[in-house]
Each structure stands twice: as C-alpha cells, then as structure tokens.
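**Q** Here it is, the structure in full.
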Amino acid sequence: MIIAPSLLAADFGKLTSEADRAERSGGDWLHLDIMDGHFVPNISFGPEVVSILKPQSKMFFDVHLMCSRPESLLESFLKAGADQLTIHAELDDKVPDLIWKIKNLGCKVGLALNPPTPITAAEPFLDQIDLLLVMTVNPGFGGQSFMYECLPKIQQAWDWRQSKGLGYRIEVDGGIDNITAIECSRMGADTFVSGTGLFKKRNMKQAIRKMREGVENNRKRS
Ligand code: DX5
Ligand code: ZN
C-alpha cells in the first residue's frame, strides 16, 4: 500500500519544508495537484514549483493533472521531476494520445475518473496504465467530504484487475482520512491520497501510522 500526502493542503508559504515534513513522517509518494483554472475552478502551482521541490526530496512525485490541455504541459512536468503523470478520462478523445505520449516520454501514467464519470470510461485503457485514480470528491479544492457513492467503482476496478490479470494501482483521492481510507481499502484501493487528513494534523507521523494500520488491517484479499 502507498500513502500519498497531497501538497495542496500544505502551508504554501513554506512548501519545501512541508514536502520534507511529509517525507520525514513516512509518506511514500508526494501527490502534486496541478489545477489550470479551466478544467477545475481553481489554480494551484506549476512545473517551476515541482522542480524546486524535486532535488530536495527522495519521494516519488505523483503528479495529478487537472488541466484541459495537459498535452502542452507533459514535458515540462517530466523535466521538473514528475515520476508519474495522471490525466483525466473526461478529456474523452484526447485520452488515447495522452497515454501514448506519457508512456513514450518514459513516464508512468495514471488515468483519473471524476465522481460522475462511469468506471466503464476507463475500461479500454486498463492494460495501458500504471494507476487508476478514482476521485472521491469533485476535484478543485481540498477539504471536501468523501463521496461514499464512489465506493462501487473501486470494487469494479479491483474485480477487473483480478479477472484481466492486470497490475495497475487503484488510487483514491478526496476526503481521505483514517476512517474513509478503511472503507476504500475494503473495496480494493491500495494507494491513498490525503491532503487535509495529513497536512492539517500537527503530528503527521502519527496520522500516517494510524492510516497505514487501518488500511493494512482491512485489506481486500483475493
Ligand atoms: C482535489 C485534489 C486532491 C486534494 C485532496 O481536487 O485532487 O488531491 O488535495 O484533498 P483532501 O484530502 O483535503 O480532500
Ligand atoms: Zn489530486
């Protein structure tokens, strides 16, 4: 299992020490939310920030592109230090080409689904991706409540992975804390993004330890 603290909930006045706090607290991946003010109604940060953080961190950089035109950004984020680039299934016709481009750049690729998007939108790409991101809030802002109606999608993603013999990770993002992480783990999630649930805690190390314990004790088994 992987725990990925989301930098969106960090103190933006001191991003390098916040990234360091996530690493020292036992986070496995650093989740970086890129928002363009168009695909989602908010703007976060760009490749420049990622490139400042990367040399000071040993973490795997999980870059979540909430952008309408990610094709123009892929190379910049890769150069900045992204280890994985996740694009959204809602980009429809663009998806096959984007997946191909990311893989061709030698980067891991993720595909994300917003809550209203059916899981079937991901099915044609399952054998091409490294990660399937099931959003558990409508993206754009941290601190929203977990949407329980997304849980069946996690179960379907897990069933398909078993029946098709594939190896993609199943990531959840939005409203994840040590309670909702357990619900997702029971359905088959193995990668947990959490912003508010970790960065807003004074003792992040303890919060990560608790989330890890809960998830490990409630893992879905084949
Ligand atoms: C939501 C982002 C999330 C966000 C999660 O648009 O994709 O990664 O940081 O934040 P929390 O954990 O606070 O819901
Ligand atoms: Zn995210």
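The values are calculated or read from the model by the stated rules, or taken from the named source; none is laboratory data. It should be emphasised that the depicted structure is a prediction, and the values quoted were computed from it without experimental measurement. Neighbour counts run over all protein chains shown; Cβ positions are idealised from the backbone, glycine included. Surface areas here come from the heavy atoms of the whole protein model, side chains and all, with no ligands, DNA or RNA. Shrake-Rupley method; radii C 1.70, N 1.55, O 1.52, S 1.80 Å.
**Q** Mind checking which aspartates and glutamates have their Cα closer than 16 Å to the Cα of residue 79? Skip sequence neighbours fewer than 8 apart in that chain.
**A** Once the sequence-local aspartates and glutamates are set aside, what remains near residue 79 is 48, 62, 71.
**Q** GNM on the chain, C-alpha springs below 10 Å: top fluctuator among 54, 14, 205?
**A** Residue with maximal mean-square fluctuation among 54, 14, 205: 14.
**Q** Per DSSP H run of at least 4 residues, take -39500 (n - 2.57); add these up for the chain, divide by its residues and hand me the 222 nm value, nearest 500 deg cm²/dmol.
**A** -9500 deg cm²/dmol
**Q** With θ set to phi - 60°, apply the Karplus curve 6.51 cos²θ - 1.76 cosθ + 1.60 along the stretch 106-120 and write out the HN-Hα couplings as whole Hz, x wherever there is a Gly or Pro.
**A** Computed from phi, the couplings for the stretch 106-120 are x, 10, 6, 10, x, 10, 10, 10, 6, x, x, 7, x, 4, 4 Hz.
**Q** Rounded to whole Å and sorted largest first, list the principal axis extents of the Cα atoms in the chain.
**A** 42, 41, 29
**Q** On to the next question. Within the stretch 61-177, what percent of beta bridges assigned by DSSP are antiparallel, to the nearest 5?
**A** Antiparallel bridges: around 0 percent, rounded to the nearest 5.
**Q** Show which lysines lie in cross-link reach of residue 210 when reach means a straight Cα distance below 21 angstrom and same-chain residues fewer than eight apart are skipped.
**A** 200, 201, 220
**Q** Tell me, how many Å apart are the Cα centres for the stretch 100-150 and for the stretch 1-47?
**A** Here the two parts' Cα centres lie 17 Å apart.
**Q** I've got another one for you. Could you report the stretch 36-113's accessible area per residue, 1.4 Å probe, as an integer in Å²?
**A** 46
**Q** How much of the accessible area of the stretch 1-104, probe 1.4 Å, is carbon plus sulfur, in whole percent?
**A** 51
**Q** May I pose another question? With N denoting the number of residues in the stretch 97-147, provide Rg(C-alpha) divided by 2.2 N^0.38 Å, to two decimal places.
**A** 1.29
**Q** Right, another one. Sort 207-220, 174-187 by the packing proxy (mean of other Cβ within 10 Å over each peptide's residues), most packed first.
**A** With the highest mean Cβ count within 10 Å placed first, the list reads 174-187, 207-220.
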